[in-house]
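This report concerns only the one structure given below.
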Amino acid sequence: MTEAAQYCGVSPQTFWRWRKRNKDLQDIELTAGGVVQFRAEDLDEFLKNK
């Protein structure tokens with residue numbers, strides 16, 4: 001999630017809050033190591049509509 005926060009230009013805490021409040025910002029995969037992944041296209045769409 002840290003990379004997604006950097007991609008969006010916000011802190012990991014802000015990204016976490018966005019994710020809790022917005023159903024549009026759901027992860028696509030949780031890896032065995034516990035890493036949450038997002039599609040760049042989904043992040044772009046979210047930022048465009050924010």
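The values are calculated or read from the model by the stated rules, or taken from the named source; none is laboratory data. Computed from a prediction, not measured in an experiment: that's the story for all the values here. We place every Cβ from the backbone using ideal geometry, glycine too, and count neighbours over all the protein chains shown. Please note that ligands, DNA and RNA were not included when accessible areas were found on the heavy atoms of the full protein model with its side chains. Shrake-Rupley method; radii C 1.70, N 1.55, O 1.52, S 1.80 Å.
Kindly establish whether L47 is in a helix (DSSP H, G or I), among the hydrophobic types (A, V, I, L, M, F, W, C) and open to solvent by 50 Å² or more (accessible area, probe 1.4 Å). Yes. For region 2-18, a residue qualifies if it is open to solvent by 40 Å² or more (accessible area, probe 1.4 Å) and within 14 Å of A40 (Cβ to Cβ), and the qualifying residues are E3, Q6, Y7, G9. When restricted to residues that are part of a helix (DSSP H, G or I) and either open to solvent by 70 Å² or more (accessible area, probe 1.4 Å) or touching a His at 6+ places or on another chain (Cβ under 7 Å) (or both), region 19-44 contains 4. List pairs: first residue in region 15-41 and under 12 Å from A4 (Cβ atoms) and of a type in the set (K, R), second residue open to solvent by less than 100 Å² (accessible area, probe 1.4 Å) and modelled with pLDDT under 80 anywhere in the structure, Cβ distance under 9 angstrom, at least six positions apart or on different chains. Correct list of pairs: R19/M1; R19/Q26; R19/D27; R39/I28.
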